[in-house]
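Structure first, then comments.
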Amino acid sequence: MPPLLLASSSPYRRELLGRLRLPFTWNSPDIDESRAPGEHPGDLVQRLAREKAQALAAAHPGHLIIGSDQVAVLGDEVLGKPHTFERAHAQLLAASGNSVTFLTGLALLDTRTGHCQVDCIPFTVHFRTLDSAQITRYLEAEQPYDCAGSFKAEGLGISLFRSTEGSDANSLIGLPLIRLVDMLHASGVQIP
């Protein structure tokens, strides 16, 4: 198997990739993650996933490089990482009683051939009706300010949901393992 590289510094993605029990390293790519005017969120995450993998290709020949990017979409609005209590509170208040779709772009670049597999995996979260006090208690308990959508599904954030919908719950955390295994198989990697 060629060496596997995760083009991310995210501890969440590293933990998820570790579940596949494959040896891998990680490195954070330096790319411009700005959204182009009029760019559809699904196109954005696929482009950024591919660019993250490609940004590390020259320094890692002979590798399989995994790139991933994610946005949360509520109606027509793209929700980024809130970074502050106030923005997180506003995001969760807007999500209350509504549905947020997470679009996760996934790319697997084989630097031996230059072939890059790219996909976008959607996952939808249907939120309970939340009041301001519930949101404040949640944010104080978990402080998910580095998470798109302002929650951690792998933690207490699950208490905010009425239901979820999608093919791979791992994509909600940032790395759709089911689709990644398909891509790895197509590149000759056997799991398990």
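The values are calculated or read from the model by the stated rules, or taken from the named source; none is laboratory data. Source: prediction; values computed, not measured. Cβ sites come from the backbone with ideal geometry, for glycine too, and all protein chains shown count toward neighbours.
A compact table of results
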| item | result |
| --- | --- |
| Test set (1) under 17 Å from Ala107 (Cβ atoms); (2) out of contact with any strand residue (DSSP E or B) (no Cβ under 7 Å at 6 or more places or on another chain); (3) in contact (Cβ under 8 Å) with a residue 24 or more places away in the chain - Arg87 fails condition number | (1) |
| In the stretch 172-182, the residues that are modelled with pLDDT of 95 or more and buried (at least 21 other Cβ atoms within 10 Å of the Cβ) | Leu175, Pro176, Leu180 |
| Entirely in the stretch 65-177, the strands (runs of 3 or more DSSP E) that have 3 or more residues that are within 30 Å of Val189 (Cβ to Cβ), of a type outside the set (Phe, Trp, Tyr) and within 20 Å of the chain's Cα centre (by Cα) | 99-110, 115-127, 161-166 |
| Those residues of the stretch 102-151 which are acidic (Asp, Glu) and either at pLDDT below 95 or under 18 Å from Ser68 (Cβ atoms) (or both), in sequence order | Asp110, Asp119, Asp146 |
| Residue satisfying condition, being closer than 18 Å to Leu103 by Cα and surrounded by 11 or more Cβ atoms within 10 Å (Cβ to Cβ), within set Leu16, Leu20 | Leu16 |
| Test: residue in the stretch 20-36 that is touching a Pro at 6+ places or on another chain (Cβ under 8 Å), in contact (Cβ under 8 Å) with a residue 60 or more places away in the chain and outside any loop (DSSP other than H, G, I, E, B) | no |
| Cross-chain or 6+ apart pairs with Cβ under 9 Å, the stretch 51-62 first and assigned to a loop (DSSP other than H, G, I, E, B), then of a type in the set (A, V, I, L, M) | Leu56/Leu5; Leu56/Ala7; Leu56/Ile65; Leu56/Leu109; Ala57/Ile65; Ala57/Leu109; His60/Leu5 |
